[in-house]
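Okay, so here's the structure we're looking at.
The values are calculated or read from the model by the stated rules, or taken from the named source; none is laboratory data. Only a predicted model underlies this, so the values are computations on that prediction, with no experimental measurement involved. Note: ideal-geometry Cβ built from the backbone for every residue, glycine included; neighbour counts use all protein chains shown. The accessibility values were calculated without ligands, DNA or RNA, using every heavy atom of the protein model including side chains. Shrake-Rupley method; radii C 1.70, N 1.55, O 1.52, S 1.80 Å.
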Amino acid sequence: MKLKPIHTIAVLVTLMLCSAWASYRSYDHTRKAIISDMNQALAQTLAEKQEGWITPDTIRDYRNHLKVAALRECSFVYYAMDDTERGICSRKMQWQRHGKALAFQGYVNCSMATVFALSDQRASGMLSLLAILWAVGSILYFRRQHVDGIVVGSLVLSDADNKFYDVNHKAVKFTPMQEQLMRMFFASETHCLSKQEICEALWPKKPDASETLYTLIRRLKPITETQANLEIVTERGKDYQLRVKG
């Protein structure tokens, strides 16, 4: 099966989308894990807390309860805000002692880049690497497939060495007479030749070469059909045309 550009683009886009999806999933999972860690750290801190105000010891205890070490330097505890949520924060938790009730919340001052750095991006990285390898491989593939010359169907008459090749750059073997006839077909803009034109070019000294031409065409057809997806058809019993099969 011949690989088409649209197929390579579709695979490349799929790999890139999968990489982006895997990256986002990992980022989202890490963000939720951070919030979960903040929730448990705040719960432990409030369970140990005896007074209602926030002290350096409160923040220190909260940070010590965090399991994600990278968050300890940029996390703090404050009274729960009623305004719009900013950044990453824990859920609001109630503290009650001595008839007093206060709501606290844990906050972390980190950017998306920090969360991304903490996330596991191995799956995304592998998919990105596959996308790059696929792109490079596709470029090399189509460069190899490209041949300068006249192309009819899956047959190429190369400009470099004036020989016939299939799409895989494999030489197609013709007899000298078959090759001469194929060159005539390729030289014609319509790839159509008259019976008289062929006979005069190939057998100029033969009065009637009809039977010889018939034999030549009969033996040439299987080669063009199997190796080049081309067929030679007779029009009105006088003209012969080389065209794509099917």
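Restricting Ser36, Ser23 to those that are within 21 Å of Ile59 (Cα to Cα) and of a type in the set (Ser, Thr, Tyr) reduces the list to Ser36. Of the residues making up region 200-246, those that are open to solvent by less than 60 Å² (accessible area, probe 1.4 Å), among the aromatic types (Phe, Trp, Tyr) and without any contact (Cβ under 8 Å) to a residue 40 or more places away in the chain number 1.
Considering (1) surrounded by fewer than 16 Cβ atoms within 10 Å (Cβ to Cβ); (2) more than 29 Å from the chain's Cα centre (by Cα), the lone condition that Leu129 does not fulfil carries the number (2). Among residues of region 82-106 being closer than 18 Å to Arg31 by Cβ and in contact (Cβ under 8 Å) with a residue 40 or more places away in the chain, the one that is surrounded by the fewest Cβ atoms within 10 Å (Cβ to Cβ) is Arg91. On the stretch given as region 1-40, residues that are among the hydrophobic types (A, V, I, L, M, F, W, C), farther than 30 Å from Asn229 by Cβ and without any contact (Cβ under 8 Å) to a residue 24 or more places away in the chain total 2.
Here Val77 fulfils each of the conditions (1) open to solvent by less than 80 Å² (accessible area, probe 1.4 Å); (2) closer than 29 Å to Arg122 by Cα apart from (2). In a loop (DSSP other than H, G, I, E, B) and closer than 20 Å to Lys92 by Cα - does that describe any residue in region 30-49? Yes, because at least one residue in region 30-49 is in a loop (DSSP other than H, G, I, E, B) and closer than 20 Å to Lys92 by Cα. Condition test on Ile59, is it farther than 26 Å from Ser128 by Cα, in contact with a Phe, Trp or Tyr (Cβ under 9 Å, 6 or more places away or on another chain), of a type in the set (A, V, I, L, M, F, W, C) and outside any helix (DSSP H, G or I)? Criteria not met by Ile59.
A single member of Glu189, Glu197 is modelled with pLDDT under 95, closer than 19 Å to Leu242 by Cβ and open to solvent by 90 Å² or more (accessible area, probe 1.4 Å), and it is Glu189. For Arg72, indicate whether it is touching a helix residue (DSSP H, G or I) at 6+ places or on another chain (Cβ under 7 Å), part of a helix (DSSP H, G or I), at pLDDT 95 or above and surrounded by 13 or more Cβ atoms within 10 Å (Cβ to Cβ). No, not satisfied. Cβ separations smaller than 7 Å between residues 6+ apart or across chains give the following pairs from region 110-125 residues that are within 14 Å of Tyr24 (Cβ to Cβ) to residues that are part of a helix (DSSP H, G or I) and of a type in the set (A, V, I, L, M): Val115/Ile34; Ala123/Ala22; Ser124/Ala22.
What residue, of Leu15, Leu66, is within 21 Å of Trp134 (Cβ to Cβ) and open to solvent by less than 80 Å² (accessible area, probe 1.4 Å)?
Matching residue, one of Leu15, Leu66: Leu15.
One residue stands out in region 165-177 among those that are open to solvent by less than 80 Å² (accessible area, probe 1.4 Å) and over 14 Å from Thr226 (Cβ atoms): the one that is nearest to the chain's Cα centre (by Cα), namely Tyr165.
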